[in-house]
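All remarks here apply to the structure that follows.
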Amino acid sequence: MKKLQLLLLVAAALSAAGKPASKAVGANKLLLISFDGFRWDYDQDVETPNLDQLVLDGVKAKYITPPMLTMTSPSHFTTITGRWVEDHEVVHNMMYDSKTNQKVSHKKTLTRSEWWDNGVLPLWITAQNQGLKTASFHFPGGGANYSGQAVNRVLVEEFDHPDDNETEWRQNVDTVLRWFSEEDFHLVTLYYGEPDNVGHAKGPDTEDRKKIIRQIDRTIGYLREAIDRHSLTDSLNVIITSDHGMTTVKKRPQVEEIILNKYLNLIKLASFEILDYGGFGILTPRPGKEQEVFDSLSKAPNLTVYHKDQMPESFHLGKSERLPPIVVVADLGFNLNSRFIVYVNKGDHGYHNGEMDMKTIFRAFGPDFRRNFVSEPFDSVHIYPLMCKLLQIHPAPHNGSMRVTEPLLLPSGEHNGSMRVTEPLLLPSGGSQLTAPVSVTLLLLVIFTVL
Ligand SMILES: [Zn+2]
């Protein structure tokens with residue numbers, strides 16, 4: 001081959017790599033389901049025939065580790081963006097402005113784009129920009145606009161939405177399956193508020209929690225039957241996961257609860273705080289009081305106090321601009337209280353993501369997944385590149401790695417229970433920056449070898 005021809009070929013390959021993919025017609029569809037607060041071991045003390053069957057028919061991770069912090073909005077947004085919390089900046093369930101002291105409750109944040117849209121694009125938008133049709137059913141973050149773009153179809157959870165209505169759960173399954181089968185949606189995210197709700201209200205180690213796990217298990221059985229009924233068995237991949245675990249809150253007389261006002265005068269020393277929110281607290285010291293606040297809080301037992309810029313790297317929180325300068329994390333099961341004990345939850349989360357009680361679940365099945373495969377644990381940040389690969393789209397920059405989840409997939413070209421053969425697009429394995437697809441890199445290597 002002549003040099004000019006080779007150069008043209010290289011240029012063509014490069015320009016193809018730079019363009020967004022056109023609609024990935026060969027890709028199977030993807031349903032991502034989150035059951036909020038499903039601790040990794042919730043299926044181990046209650047009969048779950050459908051979840052057990054999923055292990056045979058698909059893949060399971062022993063557990064997955066959510067990001068710090070182990071809270072609903074931050075963790076869900078890491079799953080759907082593949083970014084650490086310090087990068088996507090959804091640093092709390094509550095929206096707040098530490099300068100004006102304005103605070104907005106979790107459910108009211110669900111449509112507030114200014115809380116979610118911080119320059120990181122979630123999967124819905126990235127997929128839409130590459131020609132796919134996406135929807136969010138109650139999934140945190142789905143109700144916001146990103147750089148002015150909305151998710152194609154959005155249902156936002158109502159303020160008084162009941163979390164545990166099994167009939168409605170089944171209706172929601174049928175609704176999203178119709179979106180796939182009748183309206184050709186490619187990606188739908190579906191969220192359920194259980195077992196988080198029962199875990200908070202009754203505690204994770206209760207009969208009430210087991211009852212909800214049985215209900216979730218029946219719903220998964222219903223889902224599989226409905227996938228068949230909608231003729232989606234050969235074309236729909238399903239990932240079932242969650243945002244964090246749950247632990248029993250320690251109370252008197254077993255322990256002395258942490259009341260922070262005992263250790264420092266909050267009014268005098270802090271200009272902003274969210275402290276009555278489980279085991280994770282944030283505060284902004286008044287000017288000149290930084291060291292006094294840090295030293296005083298350091299005296300409180302069962303608590304670790306961090307300067308934002310001195311947090312362990314593994315938290316991936318320190319670079320956040322939104323987080324106030326002081327972050328406090330209680331020991332597992334200890335609740336923080338600012339002035340009085342107002343928090344009445346029997347179970348909670350928000351603790352260190354290294355605690356086993358904060359770990360959560362990962363299950364997947366469908367035409368592109370192996371069967372009867374149990375994976376080692378991994379971080380939830382790696383789910384994002386896996387979803388991009390399944391949808392055959394170019395990922396936005398992310399912190400995950402395809403190397404971690406690659407073993408969950410059938411080798412390229414093989415297909416579960418289907419005659420159809422697709423050619424999954426090879427995506428860069430890992431790294432946080434979008435690079436040329438591996439296939440193009442290989443082509444270039446071949447060409448340069450010839451040269
Ligand atoms: Zn949650």
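The values are calculated or read from the model by the stated rules, or taken from the named source; none is laboratory data. This is a predicted model, so every value here is computed, not measured. Positions of Cβ are generated from backbone atoms using ideal geometry, with glycine treated the same way; all protein chains shown enter the neighbour counts.
Kindly list the number of the only condition in (1) assigned by TED's automatic domain parsing to the domain that holds residue 205; (2) under 25 Å from residue 44 (Cβ atoms); (3) among the small types (Gly, Ala, Ser) that fails for residue 401.
Unmet for residue 401, out of (1) assigned by TED's automatic domain parsing to the domain that holds residue 205; (2) under 25 Å from residue 44 (Cβ atoms); (3) among the small types (Gly, Ala, Ser): (2).
Can you pull out every residue in the range 63-87 that is in a helix (DSSP H, G or I) and either within 16 Å of the ligand (Cβ to nearest atom) or within 14 Å of residue 278 (Cβ to Cβ) (or both)?
Selection gives 72, 73, 74, 75, 76, 77, 78, 79, 80, 85.
What is the one condition in (1) surrounded by 14 or more Cβ atoms within 10 Å (Cβ to Cβ); (2) modelled with pLDDT of 50 or more; (3) among the aliphatic types (A, V, I, L, M); (4) more than 18 Å from residue 125 (Cα to Cα) that residue 386 does not satisfy?
(4)
Quick check on the range 321-339: of everything there that is in a loop (DSSP other than H, G, I, E, B) and of a type in the set (S, T, N, Q), which residue is nearest to residue 290 (Cα to Cα)?
This residue is 338.
More than 16 Å from the ligand (Cβ to nearest atom), at negative phi and either aromatic (Phe, Trp, Tyr) or surrounded by 18 or more Cβ atoms within 10 Å (Cβ to Cβ) (or both), is that true of residue 216?
Taking the combined requirement at face value, the residue does not satisfy it.
Do we have any residue at all in the range 67-79 that's in the same structural domain as residue 384 (by TED's automatic domain parsing), small (Gly, Ala, Ser), modelled with pLDDT of 95 or more and in contact with a His (Cβ under 9 Å, 6 or more places away or on another chain)?
yes
Take residue 255 and decide whether it is within 30 Å of residue 354 (Cα to Cα), away from the ligand (no atom under 16 Å from the Cβ), in contact with a Phe, Trp or Tyr (Cβ under 8 Å, 6 or more places away or on another chain) and not in a helix (DSSP H, G or I).
Against the criterion (within 30 Å of residue 354 (Cα to Cα), away from the ligand (no atom under 16 Å from the Cβ), in contact with a Phe, Trp or Tyr (Cβ under 8 Å, 6 or more places away or on another chain) and not in a helix (DSSP H, G or I)), residue 255 qualifies.
For residue 161, are the conditions met, namely being surrounded by 14 or more Cβ atoms within 10 Å (Cβ to Cβ), modelled with pLDDT under 95 and either within 19 Å of the chain's Cα centre (by Cα) or closer than 21 Å to residue 243 by Cβ (or both)?
No; evaluated as a whole, the condition is false for this residue.
Given (1) surrounded by fewer than 17 Cβ atoms within 10 Å (Cβ to Cβ); (2) within 16 Å of the ligand (Cβ to nearest atom); (3) without any contact (Cβ under 8 Å) to a residue 24 or more places away in the chain; (4) of a type outside the set (Asp, Glu), identify the lone condition not met by residue 100.
The number of the failed condition is (2).
Return the residues of the range 233-254 that are under 16 Å from residue 187 (Cα atoms) and either in contact with a Ser or Thr (Cβ under 6 Å, 6 or more places away or on another chain) or among the polar types (S, T, N, Q) (or both); say none if nothing qualifies.
Hits for the range 233-254 are 233, 234, 235, 237, 241.
Considering each residue of the range 88-118, count those that are assigned to a loop (DSSP other than H, G, I, E, B) and over 20 Å from residue 69 (Cα atoms), and give that number.
5
If only one of 306, 263, 277 is surrounded by 14 or more Cβ atoms within 10 Å (Cβ to Cβ) and within 16 Å of the ligand (Cβ to nearest atom), which one is it?
277
Quickly run through the range 340-388 and pick out the residues that are away from the ligand (no atom under 16 Å from the Cβ), outside any strand (DSSP E or B) and of a type in the set (Lys, Arg).
If the condition is that a residue be away from the ligand (no atom under 16 Å from the Cβ), outside any strand (DSSP E or B) and of a type in the set (Lys, Arg), then 370, 371 are the ones that fit.
If we keep just the residues of the range 316-337 that are buried (at least 20 other Cβ atoms within 10 Å of the Cβ) and small (Gly, Ala, Ser), which is farthest from the ligand (Cβ to nearest atom)?
Per the criteria, the residue is 320.
Do you know which residues across the range 142-179 are part of a strand (DSSP E or B) and either in contact (Cβ under 8 Å) with a residue 40 or more places away in the chain or among the charged types (D, E, K, R) (or both)?
Residue satisfying the conditions is 153 alone.
With modelled with pLDDT under 95 and closer than 23 Å to residue 384 by Cα as the only criterion, which of 23, 29, 60 stands out?
23
Which one is nearest to the ligand (Cβ to nearest atom), of the residues in the range 221-247 that are in a helix (DSSP H, G or I) and surrounded by 21 or more Cβ atoms within 10 Å (Cβ to Cβ)?
Step by step, filter the range 221-247, then rank; the result is 223.
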